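I have placed the structure first, in the form of structure tokens, so that the comments after it can refer back to it.
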Amino acid sequence: MQLRQSSTFASLAVPNFRTYVTGALVSNVGTWVQRVAQDWLVLQLSGGSAMAVGITTALQFVPALVLSPFGGVLADRFDKRRLLMFTQSWMALSALVLGALAVSGVAQTWHVYVFAVVFGMGTALDAPARQAFVSEMVGTERLTNAIGLNSSAFNAARLIGPGVAGLIIAAFGSGWAILSNGVSYLAFLIALMLLNRDELVPAEPLRRAKGQVREGVRYVAARADLLIALGVGFAVGTFGLNFQMTNALMVRNEFHLDAEMYGLLGTVSGAGSLLGALLAARRKSSPGLRFVVSAALVFAVVNVLSGALPTPLLYGLVLPLVGLSALLSLTATNMYVQMHVDPQVRGRVMALYMTVLMGGTPIGAPLLGLLAEWFGPRAPLIGGGVIQVAVIAGVLALVAVRVQRGRSNGISGLARDSRLGMFAEVPVAAPDPEREC
């Protein structure tokens, strides 16, 4: 019990959250196994094409652009546990079919493209509900800790998954690795079924009405602090979070190493990510917006550094810093958004956050893949980091101009938030979603 009482693991004192995280950990190991195996499969089928890997990554995240906002409405309107059971089953079936095609030897590059879209549809509907469901298990008092531990489960899996994937691919092939992910979803589905529904604290369901997606957009548009947080999420997700593609290109095309080393380096990066998630779990309150921006900029700099290192050893040594800085950035942004929104719009706001975090990948992945084709495997890391910094600077400038114009026009509710150290559009009173309908 002492472990659960510590500030790092406080949320594990909640039985439902304990069950949920256990199932998620097993399922997430499978997810990381598939991520590694899918990129390796594409490289094999396409003859080592960086562009093919970029297209696959992009296609997997295209549905987020269209479906994530509607996934947020579904998360606010329906039972999140049942919605998660549906989306998890969808992704399990997708993995099983793609794995079967690869094992049978009939898989082609276009098959991977198709199932990347199908899998992405499930992810786009799953992510908002999964993010918003955490608060229903632990409440607001433990929410920052639970977000950190939820990320820890994902990154503990990232620590394990790539190494497992490398072993499975080396021994049996990519298809069997993808099939193992399909089976791993059973753990999460069983965990969802075992949750004690009497101990959940769901938000009041959103009544069906027109314009609910637009309402979520208006809510974010009225808050400069959320615009900055979502802009940071877009920059990080679009140009920074391409580990599987950039790592595959560096290992195979730059350093000319095998699948086992690819998996090992993925595990090394995961060690840093896990440390970042555990550090985030120790937080007792939401990080400020200054930290959100600073963490993203540090992550960009570390990405550039990793792309400039000349040897596999030095590259491997800096990968934990890449994982650490990425997770500190992601968890800080996630915590800030979740802790600064009204519960009745949390699903829709988190959907918008996931849309910009994942939905930019269809832009970033092919662009970075093209940079790799033109300038070599290092270009996605160096160029991606530089573009990430430029986008964050642009977001800050645009929001600052918007706030200044609002003040000049006499719009009330705009103030400089001294706690955040930068302009934030702070409503005098929290918006009432029922009143705005």
From phi via Karplus (6.51, -1.76, 1.60), per-residue ³J(HN,Hα) for region 178-189 in Hz, x at Gly/Pro
5, 4, 4, 5, x, 6, 5, 5, 4, 4, 6, 4
Under a no-solvent Debye model with one identical scatterer per Cα of region 61-173, what's log10 I(q)/I(0) at q = 0.10, 0.13 Å⁻¹?
-0.39, -0.64
Using only protein heavy atoms and a 1.4 Å probe, report how much of F239 is accessible, in Å² to the nearest 10.
20
Largest first, how would F70, F234, F115 line up by accessible area (1.4 Å probe)?
F70, F234, F115
About the Cα centre of the chain, how large is the charge dipole given +1 on each Lys and Arg Cβ and -1 on each Asp and Glu Cβ? Please answer in debye to the nearest 20.
820
With a 1.4 Å probe and all protein chains kept in place, how do K284, K80 rank by accessible area, largest first?
K284, K80
With bins of 5 Å, the percent of all Cα-Cα pairs of region 168-297 per bin from 0 is 2, 7, 9, 11, 14, 15, 16, 14, 8, 4, 1, 0
Equivalent-ellipsoid semi-axes (√(5λ), Cα gyration tensor) for the chain, whole Å, largest first?
33, 26, 20
For T57, T87, give the ranking by accessible area with the largest first, probe 1.4 Å.
T57, T87
Count the net charge of all other residues whose Cβ sits under 13 Å from the Cβ of G54, scoring Lys and Arg as +1 and Asp and Glu as -1.
-2
Relative to the compact-globule estimate 2.2 N^0.38 Å (N residues), the Cα gyration radius of region 221-306 stands at a ratio of 1.32
In square angstrom, rounded to the nearest 10, how much accessible surface does R282 have for a 1.4 Å probe?
130
So, counting K/R as plus one and D/E as minus one, what does the shell of residues with Cβ under 14 Å around N334 add up to?
+3
Which value at 222 nm does the chain reach when only helices count, each DSSP H run of 4 or more adding -39,500 (n - 2.57), with the total divided by all residues and rounded to the nearest 500 deg cm²/dmol?
-26500 deg cm²/dmol
Sorted from largest down, what three extents in whole angstroms do the Cα atoms of region 211-409 have along their principal axes?
57, 38, 29
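The values are calculated or read from the model by the stated rules, or taken from the named source; none is laboratory data. The structure presented is a predicted model; accordingly, all values stated were derived computationally and were not measured. No Cβ is skipped: glycine too gets one built from the backbone with ideal geometry, and neighbour counts run over all protein chains shown. Each accessible area value is taken on the protein alone, full model and side chains, heavy atoms only, with ligands, DNA and RNA left out. Shrake-Rupley method; radii C 1.70, N 1.55, O 1.52, S 1.80 Å.
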